[in-house]
Amino acid sequence: MEIKGERVTIRNLRLEDVFEMRKWGYHDNPLLEDYNFPHMSDKEIRLWYRMKVNNLFNKYFGIRNENDELIGYMGIKGIKILRRESTLGIVLDPNHINKGYGTEILDTFLRHYFTKMKMRKMILEVAEFNKRAYRVYEKMGFQPAGYYLDEFFNQGLDLTNPHYLAEKSSFVIDGEKIYNYIYKMTLHKRRFFQMRG
Ligand SMILES: CC(C)(COP(=O)(O)OP(=O)(O)OC[C@H]1O[C@@H](n2cnc3c(N)ncnc32)[C@H](O)[C@@H]1OP(=O)(O)O)[C@@H](O)C(=O)NCCC(=O)NCCS
């Protein structure tokens, strides 16, 4: 399968794509550390790839730009064949964020998802501090359907870091533990086409 946008090409994830992710940049923002591609041996990369693709209910895609560089990957997880819904995940190379690719990728993919794949609904979860991701989802028509606190992935976060201080209102510190607010968002087919035309 291959889906083409103006600048991007989205196709089933390949092992060679994962090896290319080793060349990616990294986020200085410690809140986004979880999205830095981890250091892995060749063996670990093969295992990571197999874990992603060997699941009937998940589908992963590699995303290339106009220069044929691998700029990101995305997945739809927990695919429900009868309910025709799934949960989105997307991660771009930190060197390629804020260039409009995320918007183009999701617009292109969602058209395919709601027509060719005949899906009806998409679900996702996004941290409240992740304003850029939230903005892109909002542009697609996603609407909040839930709001809850979860344990932050890094309990050792430096609470004097300016990135944390700027987003402090999205966190709760309860005794020793660090929690952050998460939005669950949903998008229905009709709303997507109303928003995007
Ligand atoms: C989230 C992600 C996929 C978005 O893709 P992208 O290519 O960076 O996004 P785009 O450039 O298409 O659009 C970014 C939008 O957010 C806005 N934005 C950027 N930084 C922002 C901030 N700090 N606050 C509010 N809005 C912001 C931009 O202005 C733009 O909106 P606009 O088109 O209305 O001007 C990408 O940044 C990424 O992979 N981030 C790291 C991993 C991640 O967070 N994944 C999502 C987890 S839920």
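Any read-out appearing in this document is the output of simple, stated calculations on the displayed coordinates, not a laboratory observation. These numbers come from a predicted model, not from an experiment. A quick note on method: Cβ atoms are made from the backbone with ideal geometry, for glycine too, and the neighbour counts reach across all protein chains shown.
Working note: Karplus 6.51/-1.76/1.60 with θ = phi - 60° gives the stretch 72-80 the couplings x, 9, 9, x, 10, 10, x, 4, 9 Hz, where Gly and Pro are set to x. Peptides 37-43, 87-93 ranked from most to least packed, by the mean per-residue count of other Cβ atoms within 10 Å: 87-93, 37-43. Quick one: if the Förster radius is 25 Å, what FRET efficiency do Lys168 and Leu82 give, using the C-beta to C-beta distance and rounding to 0.05? Efficiency computed from Cβ-Cβ geometry: 0.05. Here the 3J(HN,Hα) profile of the stretch 37-54, calculated from phi with Karplus coefficients 6.51, -1.76 and 1.60 at θ = phi - 60°, is 5, x, 5, 9, 6, 4, 5, 5, 5, 4, 5, 4, 5, 4, 4, 6, 8, 8 Hz, Gly and Pro shown as x. Note that the stretch 94-110 has calculated 3J(HN,Hα) couplings of x, 5, 10, 7, 6, 10, x, 5, x, 4, 5, 4, 5, 4, 5, 5, 5 Hz, one per residue in order, obtained from phi through the Karplus relation 6.51 cos²θ - 1.76 cosθ + 1.60 (θ = phi - 60°); glycine and proline are x. For a modelled paramagnetic label at Asp158, 7 Å from Cα along Cα-to-Cβ, the residues of the stretch 23-44 in reach, with backbone nitrogen under 16 Å, are 27-34. Summarising the label geometry, the points placed 7 Å from Cα in the beta-carbon direction at Tyr179 and Asn12 lie 4.2 nm from one another. Each of the peptides 5-16, 49-60 was scored by the mean count of other Cβ atoms within 10 Å over its residues; in descending order, highest first, they stand as 5-16, 49-60. Other residues with beta-carbon under 10 Å from the beta-carbon of Ile3 carry, at +1 per Lys or Arg and -1 per Asp or Glu, a net charge of +3. Sequence-distant contacts, meaning Cα pairs under 8 Å at least 6 residues apart, place the relative contact order of the chain at 20 percent.
Quick one: check the C-alpha center-to-center distance for the stretch 118-140 versus the stretch 19-96, whole angstrom. Computed from Cα coordinates, the inter-centre distance equals 16 Å.
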